[in-house]
1. Within the stretch 123-140, which residues are without any contact (Cβ under 8 Å) to a residue 60 or more places away in the chain and assigned to a strand (DSSP E or B)?
2. Please determine whether any residue of the stretch 95-103 is in a helix (DSSP H, G or I) and within 14 Å of the chain's Cα centre (by Cα).
3. Name the single residue that is farthest from residue 240 (Cα to Cα) among those in the stretch 354-370 being touching a residue at least 60 places away in the same chain (Cβ under 8 Å) and assigned to a helix (DSSP H, G or I).
4. Conditions first: (1) in a loop (DSSP other than H, G, I, E, B); (2) under 17 Å from the mean Cα position of the chain (by Cα). Residue 48 passes all but one, so which condition is the exception?
5. So, of the residues in the stretch 51-64 that are under 19 Å from the mean Cα position of the chain (by Cα) and over 12 Å from residue 111 (Cα atoms), which turns out to be surrounded by the most Cβ atoms within 10 Å (Cβ to Cβ)?
6. Of everything in the stretch 371-383 that's in contact (Cβ under 8 Å) with a residue 24 or more places away in the chain and either within 15 Å of residue 239 (Cβ to Cβ) or in contact with a helix residue (DSSP H, G or I) (Cβ under 6 Å, 6 or more places away or on another chain) (or both), which residue is surrounded by the fewest Cβ atoms within 10 Å (Cβ to Cβ)?
7. Considering only the stretch 281-313, how many residues are touching a residue at least 24 places away in the same chain (Cβ under 8 Å) and closer than 18 Å to residue 245 by Cβ?
8. Go over the candidates 260, 329, 291, 255 one by one and state the one that is farther than 21 Å from residue 204 by Cβ and assigned to a helix (DSSP H, G or I).
């Protein structure tokens, strides 16, 4: 990747925002189980950070996706992944399909406030019985005059408690699984929409996550994004940006834990010498840093191809797989070197250990990524 002055300007703006507006407050937000999304998103929107690669006519910067990746990397500086995940949902998970396939009216009504930070968005795809198996969702949207009537529920939905709008994937016909789905924008204050109490999670405590229920929820058919029946395809495209964002956002977080582990083991002595002086420790940390650089190279390669309009299904899946597995490997190794201090709830390495575990589950599990890669390699039949 070649970085321009404009890339560096976005990097500097994002880094300064994290240092001044996020990290001083993350411990409190973790304790609260929620961060102030409306307040934070408005500040990001005022800086132009919520629509970096979105069209200028809707308030975006109109830049290519490499600029969004620079922003994502700096979100890796956030000391609680729940916050950066919530931001990523707004920029790279709930709004890409709207920006690419939404009607002019839909974009003016919903994309504009998403980019300006005046509205909080959430992506509502996963269900209690259909997480990574997106094709098996049960939520239905039946036509009733000019409206859809939606019934069903969604599970593990990020930003759900504070969301103004949900981007909902629902079955809109009886056609085959991959051709019967549509993405529909549903305002959270619509009659029949209800949200559960916050879900208690292993990690990402600062992220508000809940189950959503749709009970005869009526929304205009014009709230559908793009063509009816193409929702599965649109969602797969959204997943590409989600997976690239997640991998890029992990990079500096992983590096930070390595550096903190170096600092701790340098001053912590056992058996008369610093823990870091043990060859097994400094070799392992060097190895982990090498793995981070390999992940960065693969991520950049996928982004370059994505910008060129190439099919990045395979590489994005590889990036997602590698990022999740490296997060588990890296935080486990570093926590071990911290010993008893690493096992303390308030330690940074313990928080990372909890937060990074989602990387192999959310946005498509490791097993789903391996299935995609296997199909792309011709080892399995494609659906």
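The values are calculated or read from the model by the stated rules, or taken from the named source; none is laboratory data. All of these numbers come straight from a predicted model, not from anything done at the bench. Don't worry about glycine lacking a Cβ; one is built from the backbone with ideal geometry, like all the others, and counts go over all protein chains shown.
1. Hits for the stretch 123-140 are 127, 130, 140.
2. Taking the stretch 95-103 as the starting set, the residues that turn out to be in a helix (DSSP H, G or I) are 96-101.
In the following step, the residues that additionally are within 14 Å of the chain's Cα centre (by Cα) were identified as 96.
Yes, because at least one residue in the stretch 95-103 is in a helix (DSSP H, G or I) and within 14 Å of the chain's Cα centre (by Cα).
3. Of everything passing the filter in the stretch 354-370, 354 is farthest from residue 240 (Cα to Cα).
4. In the conditions (1) in a loop (DSSP other than H, G, I, E, B); (2) under 17 Å from the mean Cα position of the chain (by Cα), residue 48 misses (2) alone.
5. Our first condition is that a residue be under 19 Å from the mean Cα position of the chain (by Cα); within the stretch 51-64, this holds for 51-54, 64.
Then keep just the ones that are over 12 Å from residue 111 (Cα atoms); that gives 52-53, 64.
Working: 52: 24, 53: 21, 64: 13.
Out of the qualifying residues, it is 52.
6. Only one residue tops the list, namely 376.
7. Of the residues in the stretch 281-313, 13 are touching a residue at least 24 places away in the same chain (Cβ under 8 Å) and closer than 18 Å to residue 245 by Cβ.
8. On the way: 260 fails: farther than 21 Å from residue 204 by Cβ; 329 fails: farther than 21 Å from residue 204 by Cβ; 255 fails: farther than 21 Å from residue 204 by Cβ.
Residue meeting the stated conditions: 291.
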